[in-house]
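Enquirer: Can you keep this structure in mind? I'll have questions shortly.
The values are calculated or read from the model by the stated rules, or taken from the named source; none is laboratory data. Bear in mind that the values here come from a model prediction, so they are computed numbers and not experimental data. Every residue, glycine as well, gets a Cβ built from its backbone with ideal geometry; the counts of neighbours run over all protein chains shown. Please note that ligands, DNA and RNA were not included when accessible areas were found on the heavy atoms of the full protein model with its side chains. Shrake-Rupley method; radii C 1.70, N 1.55, O 1.52, S 1.80 Å.
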Amino acid sequence: MPPIRILPEPLVNQIAAGEVVERPASVVKELLENAIDAQAARIAVELQDAGKKLIRVSDDGLGIPAADAPLALASHATSKIAAAEDLEGITSLGFRGEALASIASVADVRLVSRTADAMEAVEVCVSGGKAEPPRPASGPVGTAVEVRNLFRYVPARRKFLKTDATEMGHITEQVARIALAYPAVHLVVTHNGRNVYELPPTDAVRSRIAVFFGEEAAASLLEAASEEPGGRLWGLVGPPHLARATAAAQYLFINGRYVRDRGLGHALREAYRGLLEGGRQPVAFLFLTVPADRVDVNVHPTKIEVRLRDAHLLYGQVLAAVRERLLGPGITPHVAPPSSAPGRQAAPGEYAVGGTPPGPAADAIAAAREARVRGAVADFLRSPPAGAQGRLPLAGRAGAPAARSSAAGQGGHAGHPPPARSPGAEYGAPGARDGRALAGGEPAAGRPPAGSPGAEYGAPGADGRPAGAEHDDTPAPSRVVQLHNTYLVAETADGILIVDQHALHERILFEEIMSRLAAGPLEGQRLLLPVTLDLTDREMAALAEHRDALARLGIEAEALGPRSVGIHAFPSLLERADPAAVLRDLVAWALAADAPPSPRQVLEKLAHVAACREAVKAGDPLAREEIEALLACREASDLAVTCPHGRPSALILSKADLEKRFGRDYAAPPARPADEPLPY
Ligand code: ADP
Ligand code: MG
């Protein structure tokens, strides 16, 4: 082995930079934090080529005394701590004294700074770790740090930089974190000479959220607050309908620092328990203030993780405050959310899994639901057994584009259901999903007036077809009941089949979409009115990167502004899916991915998202035709055992299982014919 050496300082700094300086956004973060620590009231960020060419952050803060200026760029040099015990109560964002030195080891840095009592400014330049002596300069009170040619001295790193749009997205994320935590600070961001953000000081975090996440989302956030000995919590949390596919819109700030904390993230999700469909993630902005000595920030090089000394207390506090707010008055789950997107549908189904929406109206819903389920069960038990039903062929399952255009005249996103079925609406009441066959095909024909509680069927002749029309390939369920608007329970030749309606439908649609994609791009149907949605810069970038995949699915989305997108065409196959929701889910997934997804992965994900959004939801009452069609599709496809997420779509309880469970197999003579009932 070669001898052990102490590494030269520039190399040490480059290694440190490896941890802290990953991309232009990391530089922006460090410089913003320094400006905040210097008590700046106004910070300007100027960028060229998404920060690859230039990042200049200037502030009107305290400045650096001329004598200290060279030290600012030296490693392990900081004005923020002096002794070990200072680590116990850090109140500044920085304290490691490494950021500027790290940055200066991989780029060309120029720092100009002036304190209020200095006659002139001082300038220090460092290129690739080599410092020039400081010299006097002109400049206002405050500090400006210029970082040029990032990674010039580590070309391997430069290769990992992404498109300007993607890098700008990361920068925006860092700007947003500071902007939300410090609303009183005036922030200005320009890129290639163009104004990107102009954020005047405000005391309303909500207005800053509106800038980064859209007016619509910001307006519907609910305020939660609580004060306990361990800490003070204030936050804005999204009502359940705002939930997203990923946790990207969950922001936690502890003492003004954006952090990720598994425990508190868990507390937040717990607060939404029963209010969100499986896997959906709440939108939340939480601001915790705890005594500085109760949080250890010296855990992670970029300080994104901290250690909380009262983690369990804070867990309880977050859970209680958010939960209380969500269950309290003023939340109206079944009403369509305010929307600028024409035709965006309310999502009553999205509420239903795992619990009942809260509030007095919710009690009524719960009562009505229970009554319907009771009625369904009673009817089911009353009606005489019927022979196997003839299968309703899913005419047009892969069929003609459906009625999107006809509904478009009503001004909504064409083909979408009228917003918000009223919560008490009868099961399968006409209009609930009239004319939309399950797999996006033609309207189911011969639909009887629905409304009999429970969507139960099986009474001979009730469907206008010959009773007991015998059928040979008999797993065809002879009697089916929809329970909890979620499960289809059917009698089969050999036992009981329990189907998760959403999982099954999603699986069927996914296969359908994938098989059609194999044949070529899907046909997009032009929307009369584009569906618009607000996105962040990062989301815009992700969307732009996956344009091709979107086009193959028949989705035409175009930027309408710097942070808004219009969807002009949507696959005719997808009737029920909210175009904005499909796009949001895709973008969230792409951003959450560790590595850039391959085109094939993107396409598959799109198919998943589309299938999930298109499928009937748990909680959706189904008309008889829909139930029949779903089960028929299940039979027709061998694949529909799990939904594309891998959840099972059906459970089978065989007669043998049942007998075992009820002890009916006890001492039963093996000779007994399977269908012969026991004498008791
Ligand atoms: P840290 O922030 O961890 O102390 P940095 O390398 O980021 O380490 O900065 C080193 C020092 O330079 C800081 O401690 C501070 O004294 C000084 N400094 C850096 N940026 C600024 C600024 N914008 N205004 C005033 N002082 C600054
Ligand atoms: Mg710093």
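Enquirer: Please compute the Kirkwood hydrodynamic radius of region 163-224 from all pairs of different C-alpha atoms, in Å with one decimal.
Expert: Details: mean 1/r = 0.0808 Å⁻¹.
After inverting the pairwise mean of 1/r, the radius is 12.4 Å.
Enquirer: On to the next question. Could you give the Stokes-Einstein D for region 27-93 in µm² per second, using the C-alpha Kirkwood radius, 37 °C, 0.692 mPa s?
Expert: Working: Rh = 13.5 Å.
Approximately 244 µm²/s, per Stokes-Einstein.
Enquirer: Taking the Cα centre of each part, how many Å lie between region 9-59 and region 118-196?
Expert: Here the two parts' Cα centres lie 5 Å apart.
Enquirer: Same structure, new question: Just to be sure I follow: if Rg is taken over the C-alpha atoms of region 484-643 and Rh is the Kirkwood radius over the same atoms, what is Rg/Rh?
Expert: Numbers: Rg = 17.1 Å, Rh = 16.7 Å.
That ratio is 1.02, to two decimals.
Enquirer: Still on this structure, I have one more. Give the residues of region 148-190 whose amide nitrogen is closer than 12 Å to a point set 7 Å from the Cα of Asp203 in the direction of its Cβ.
Expert: Under 12 Å, as judged by backbone N against the label point of Asp203, lie 184 of region 148-190.
Enquirer: Cα centroids of region 199-266 and region 567-607: how far apart, whole angstrom?
Expert: Cα centroid of region 199-266 versus Cα centroid of region 567-607: 26 Å apart.
Enquirer: Given the whole protein assembly as supplied and a 1.4 Å probe, what does the accessible area of His300 come to in Å², nearest 10?
Expert: Result for His300: roughly 50 Å² accessible.
Enquirer: Sticking with this structure for a sec: Å³ per residue of the Cα convex hull, for region 6-64?
Expert: Values: hull volume 5.8 nm³, N = 59.
In region 6-64, the Cα hull volume divided by residue count equals 99 Å³.
Enquirer: Please compute the length gained on full extension between Ala67 and Arg5, using 0.36 nm multiplied by the number of residues separating them and subtracting their Cα-Cα distance.
Expert: Numbers: separation 62, 0.36 × 62 = 22.32 nm, distance 3.23 nm.
That works out to 19.1 nm of additional length.
Enquirer: On to the next question. Normalized C-alpha radius of gyration of region 75-166, against 2.2 N^0.38 Å?
Expert: Numbers: Rg = 15.9 Å, N = 92, 2.2 N^0.38 = 12.3 Å.
In units of the globular-protein estimate, region 75-166 measures up at 1.30.
Enquirer: State which entries of Lys159/Lys303; Lys303/Lys605; Lys80/Lys162; Lys29/Lys80 exceed 28 angstrom in Cα-Cα distance in the structure shown. Intermediate results must be reported in sequence, preceding the final value.
Expert: Working: Lys159/Lys303 26 Å; Lys303/Lys605 33 Å; Lys80/Lys162 34 Å; Lys29/Lys80 17 Å.
Distance filter (> 28 Å) returns Lys303/Lys605; Lys80/Lys162.
Enquirer: Ok, one more. Across bins of 10 angstrom width beginning at 0, how are the C-alpha pair distances of region 144-252 distributed, in whole percent?
Expert: Per 10 Å bin, starting at zero, the Cα-Cα P(r) for region 144-252 comes out as 11, 35, 31, 16, 7, 0 percent.
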